[in-house]
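Quick note: the coordinates plus some simple rules give every number you see, no bench work behind them. Computed from a predicted structure; not experimentally measured. We place every Cβ from the backbone using ideal geometry, glycine too, and count neighbours over all the protein chains shown.
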Amino acid sequence: MNIRPYRSLLYIPGANNRALEKAQSLSADAIIFDLEDAVAVSEKNIAREHVYGALNSINYNERSLLVRINGLETNWWEEDLSMAVKSKAHSVLIPKVNSGNDIRKIEQAMESMLPNNKTNIWAMIETPDGVLNSRDISKTSRKMGGLVMGTNDLQKELNTRFVENRFPLLTSLSMCVLAAKSAGIACIDGVYNAFKDDKGLLLEAEQGKDLGFDGKTVIHPQQLLTVNSAFSPSYEEKELYLRQIEAFDLAIKEGKGVAVLDGKIIENLHIETARKNLALMDAIQRLG
């Protein structure tokens, strides 16, 4: 089973060479090289050059590498996209995706820039239209790799309060998780702004895990340990997963549809979960 971990996706400002270099030693599962919000207008071109240089010269090991380009309403997105597909980035992250048409536009542009490129497309969902069209967005292209929640912008668009339990956002968050799961792609929770508030971060990360998110975007390396821990499978249960698989395989050989282990029924759905978590553990260990 080939699984990439997406517990933590760290935003790195594209114009910050020191941060681009330091990212290779951080414990993020994925890096988002940001050309959008984290880059001043006067630095857009230099940031693009810095990111291209970093992607092609720095060894980021097994981490997933995404480039967040500027929005389709700007004058920079085409040059950003061209750089991304010609670099060693795995994916391009599109901000403020409102419909499947945005994805089709990106896909067509990518093909004209570099035919048969293997770069995946990720979509940021941060507008009401994006949420309402998240199912269509998730299934528009075979290149779709995941959805990333832009919770700050979404809260602004919805005119909701910033509250600890994120109650005003729960409908939007769940709709996007459902859309991504239906399409078989990743779904990543939004950032937690108070990067020194470990307790609040943990509560929000655990909530995201419970909602079905695969991981969470982070804005500061200090948040990585907490987020990685919240979205990691339970290593204490590794032996249990192995025993479940062994018991179920034996039951199948005996012509049974279910197994019994420690007084509990073990069905195929439990085995699928066990195999997925074991594969995720292996992928996490490979990241180092």
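In loop segments of the stretch 68-112 as defined by DSSP, the GluC sites (Glu not before Pro) with at most 11 further C-beta atoms inside 10 Å of their C-beta are Glu73.
Label positions at Ile3 and His220, each projected 7 Å from the Cα along the C-beta direction, are separated by 3.1 nm.
Summed over qualifying helices (DSSP H, 4 residues or more, each -39500 (n - 2.57)) and divided by its residue number, the chain shows a 222 nm mean residue ellipticity of -14000 deg cm²/dmol.
What FRET efficiency would be calculated for the residue pair Asp129, Lys86, taking the C-beta separation as r and a Förster radius of 41 Å, to the nearest 0.05? After rounding to 0.05, the efficiency reads 0.85. What's the center-to-center distance, using Cα atoms, between the stretch 156-185 and the stretch 45-61 in Å? First find each Cα centre; the distance between them is then 32 Å. Neighbour counts of C-beta atoms inside 10 Å place Val97, Val131, Val85 in the sequence Val85, Val131, Val97, starting with the fewest. Counting beta carbons within 10 Å around each of Val258, Val41, Val51 and listing the fewest first gives the order Val41, Val258, Val51. Normalised by the number of residues in the chain, the mean separation of alpha-carbon contacts (under 8 Å, six or more apart) gives a relative contact order of 17 percent. With r as the distance between the Cβ atoms of Glu49 and Ser174 and R0 = 45 Å, compute the FRET efficiency 1/(1 + (r/R0)^6) and round to 0.05. After rounding to 0.05, the efficiency reads 0.65.
Taken one residue at a time, the phi angles of the stretch 177-192 give Karplus couplings (6.51, -1.76, 1.60, θ = phi - 60°) of 4, 4, 4, 5, 5, 4, 8, x, 10, 6, 9, 10, 6, x, 7, 10 Hz. Gly and Pro are set to x. The mean of 1/r over all distinct Cα pairs in the stretch 235-287, once inverted, gives the Kirkwood hydrodynamic radius of 11.5 Å. For Lys256, the aspartates and glutamates whose Cα comes closer than 19 Å to its Cα, not counting residues fewer than 8 places off in the same chain, are Glu246, Glu267, Glu272. Close amide-amide hydrogen proximity is noted between Val92 and Val67, Asn120, Ile121, Trp122, each under 5 Å apart and 5 or more residues distant or on a separate chain (H modeled in the peptide plane; Pro and chain starts excluded).
Which of Lys199/Lys276; Lys22/Lys118; Lys22/Lys44; Lys105/Lys156; Lys118/Lys238 have a Cα-Cα distance over 24 Å? Flagged as over cut-off: Lys199/Lys276; Lys22/Lys118; Lys105/Lys156; Lys118/Lys238. Given the C-alpha atoms of the chain, compute the convex hull and give its volume per residue in Å³. Given the Cα convex hull of the chain, per-residue volume reads 147 Å³. For the chain, the longest principal axis of the alpha carbon atoms and the long axis of helix 238-253 meet at an angle near 60°.
The ranking of Ser172, Ser182, Ser27 from fewest to most other beta carbons within 10 Å of each one's beta carbon is Ser182, Ser27, Ser172.
Taken along the Cα-to-beta-carbon direction at a fixed 7 Å, the label points for Asn75 and Ser25 span 4.0 nm.
Rounded to the nearest 10 degrees, the inclination of helix 44-57 to the longest alpha-carbon principal axis of the chain is 50 degrees.
Annotation: the antiparallel percentage among DSSP beta bridges lying fully within the chain is about 10.
A Förster radius of 30 Å, combined with the Cβ-Cβ distance separating Ser234 from Asn61, puts the computed FRET efficiency at roughly 0.75. Computed on the stretch 235-287, with alpha-carbon pairs under 8 angstrom and 6+ residues apart, the relative contact order is 36 percent.
The chymotrypsin sites (Phe, Trp or Tyr not before Pro) of the stretch 224-288 include none that meets both conditions, a loop assignment by DSSP and at most 16 other Cβ atoms within 10 Å of the site Cβ.
Just to be sure I follow the definition: excluding the sites themselves, where is the longest run in the chain that has none of the trypsin sites (Lys or Arg not before Pro) in a DSSP loop with at most 12 other Cβ atoms within 10 Å? Value returned for the longest uninterrupted segment is 1-117. If you take the alpha carbon atoms of the stretch 38-126 and fit the smallest convex hull around them, that volume is 101 Å³ per residue.
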